[in-house]
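See below for the structure under consideration.
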Amino acid sequence: MNRLLRARGLTKRYGRKHALRGVDLEVNSGEVVGILGPNGSGKSTFLKIAIGIVRPTGGEIEVLGQRPGAGLRKHVSYMSENDYLYRWMRVGEILEWTASFYDDWNDAKSQEIIEFLGLDRDSKISSLSRGMRGRLKTAIAFSRDVQLYLLDEPLSGIDPASRSKILDVIIREYRPENSSILLSTHLVMDVENLLDRVVFLSDGSVLLQGNADELRSQHDASINSIFIQLYG
Amino acid sequence: MDIRNIKNILVKEIKLAKSWLIFVPAGVLLFNFYIYLKFKDIPSMSRNAPMLLVSGIVILPLLIIAFIRGILILKSERDNRTIEYLKALPVNGFEIATAKSLMIGIESFAYAATYFITFRTMITLAQTTYTVRLTLWLFVLIWLVLTLTATFSLLLQAVGMSVRRFGRLIAAVLFLILSQAGLKIAGWLDPVLREFPHITLYVVYGAGTQAKGPMTLGTLILLAIYIVINVSLTGYLVENKMEV
């Protein structure tokens, strides 16, 4: 089993506020790891550091054997929780434009996902609902053939129909034999069955982490129930 | 730096900058037309009037527009949260800064060209017995000054977006320091600049009357170096300091 991501003592401070406090985390090939926690627990900060758009204050992180940066982003797919698409573009336009940066963009796969998600290539992004924009972000992330997908709150603020479609894409496109997913969420119930391992974050620190099945049997509860116990 | 990445970002910028490329030149055109209407009945303009118009009246709004444009080309990415999309692409800060600066350069070229052509036409029209000839070097000078202004404000915006606390205040202080430093350096380098070949920078109007400006090629090279420094510093900030 290859180690795709390894973080040791990862710390991030914004002024006096700690976003991460010495987080240790690993992602191995062929597994889906969930970073779980309430808003402000440091989930997004971790993923942003992993992709190299935020710099850590301390500690170290290595993804696919590289330090986060532009070089790494050629090989890792990232989806933000934010509404960060260029709204003036059309669906087809942003797909083509994004594809032009990557060698691992899979046009056939992209077309298939777009059709499955019911997206119209001619639609302006500004005219799409939030749910449809969420679908588009998912389509962009999974149109690439990469070893590691970093998904930041892929289901947050999305209507149930779109949530279900997005989950279907994640399940359909995930290939345990050659890829891994690290996703952050506070909507544990929706992704519970996907997760191989979980990391519970609170106020930037790891509260609990381990194999999902082992945690379920240790606590005699679902991951969602453990989440409620920890943060309730 | 990957040329493909710069080209891809530039393609996006060009699509987005359509209105800047259309409306600002249109505005320049209208402004020149206004000047034409204002001055067409004056039988004889004073000796340096065309040069005065070039440097004082028409260039000022263009400089302000260039300054604003340099800010907006980066600020709009932050306001629309698209800076995260851009930075999550496999591009580095230097490529982002270079592509945006190239866009600024293209826009400045369009502004300078529109101004240059319409100004000459209008002044020639206004003084029916006069013609105005402007040298290519004057055009290059205006283009570089507009580009420098825009890349300078781009740099200041990058500073504002990279410093979490008092970003605007720090950018404003830097504006004063850097602009003064730029002038000081130009002063120190003056003896060196004088060694470069002289270029003719003049407006000819009427029957061979000339309004001249002393200039060497070194001045243009210095402006170009300032632009490169601005772009490099912006690239450094976007890559290393700007978090989304």
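Nothing in this text is a laboratory measurement; each read-out follows from the coordinates by a stated rule. These figures come from a predicted structure and were not determined experimentally. Please note: Cβ atoms are built from the backbone with ideal geometry, for glycine as well, and neighbour counts cover all protein chains shown.
As a calculated quantity, the FRET efficiency between residue A:115 and residue A:194 at R0 = 22 Å, using C-beta atoms, amounts to about 0.45. Close amide H partners of residue A:209, meaning residues 5 or more places away or on another chain with modelled amide H under 5 Å apart, are A:200.
How large is the helix-only mean residue ellipticity at 222 nm for the protein assembly as shown, computed as the sum of -39500 (n - 2.57) over DSSP H runs with n ≥ 4, divided by its residue count, in deg cm²/dmol to the nearest 500? Provide the component values of the computation, followed by the final result.
Details: 19 runs with 260 residues, N = 476.
For the protein assembly as shown, the value works out to -17500 deg cm²/dmol.
Among the GluC sites (Glu not before Pro) within region A:147-232, which fall in a DSSP loop and have no more than 16 other Cβ atoms within 10 Å of their own Cβ?
Numbers: sites: A:173, A:177, A:192, A:214; in loops: A:177.
Qualifying residues, ordered by number: A:177.
Computed from label points 7 Å out along Cα-Cβ, the spacing between residue A:17 and residue A:108 is 4.7 nm.
Site pair residue A:203 and residue A:230 shows an inter-label distance of 1.5 nm when each label is modelled 7 Å from Cα along Cα→Cβ. DSSP beta bridges fully contained in the protein assembly as shown are about 65 percent antiparallel.
Listed values for region A:177-192 are Karplus-derived 3J(HN,Hα) couplings in whole Hz (6.51 cos²θ - 1.76 cosθ + 1.60, θ = phi - 60°), namely 6, 9, 8, 9, 10, 10, 10, 10, 6, 10, 9, 5, 4, 5, 10, 3, and x replaces Gly and Pro.
How much net charge surrounds residue B:21 when only the other residues with a Cβ under 13 Å from the Cβ of residue B:21 are counted, with Lys and Arg +1 and Asp and Glu -1? Mind showing how you got there, number by number?
Working: positive: B:15, B:18, B:69; negative: B:13, B:107.
That sum, taken over residues with Cβ under 13 Å, equals +1.
Across region A:221-227, rounded Karplus estimates of 3J(HN,Hα) from the backbone phi angles (6.51 cos²θ - 1.76 cosθ + 1.60, θ = phi - 60°) give 7, 6, 4, 4, 5, 4, 4 Hz, Gly and Pro being marked x. Taking 7 Å steps out from each Cα toward its Cβ at residue B:229 and residue A:127 produces label points 4.9 nm apart.
Give the calculated FRET efficiency between residue B:16 and residue B:64 to the nearest 0.05, with a Förster radius of 22 Å applied to their Cβ-Cβ distance. Intermediate results must be reported in sequence, preceding the final value.
Details: r = 21 Å, r/R0 = 0.94.
About 0.60, to the nearest 0.05.
Amide H contacts of residue A:28: A:4, each under 5 Å away and 5 or more positions distant or on a separate chain (H built 1.01 Å from N in the peptide plane; Pro and chain starts excluded). 3J(HN,Hα) couplings calculated from phi for region A:85-97 with the Karplus curve 6.51 cos²θ - 1.76 cosθ + 1.60 (θ = phi - 60°) are, in sequence order, 7, 6, 5, 7, 7, 8, 4, x, 5, 5, 5, 5, 5 Hz; Gly and Pro show x.
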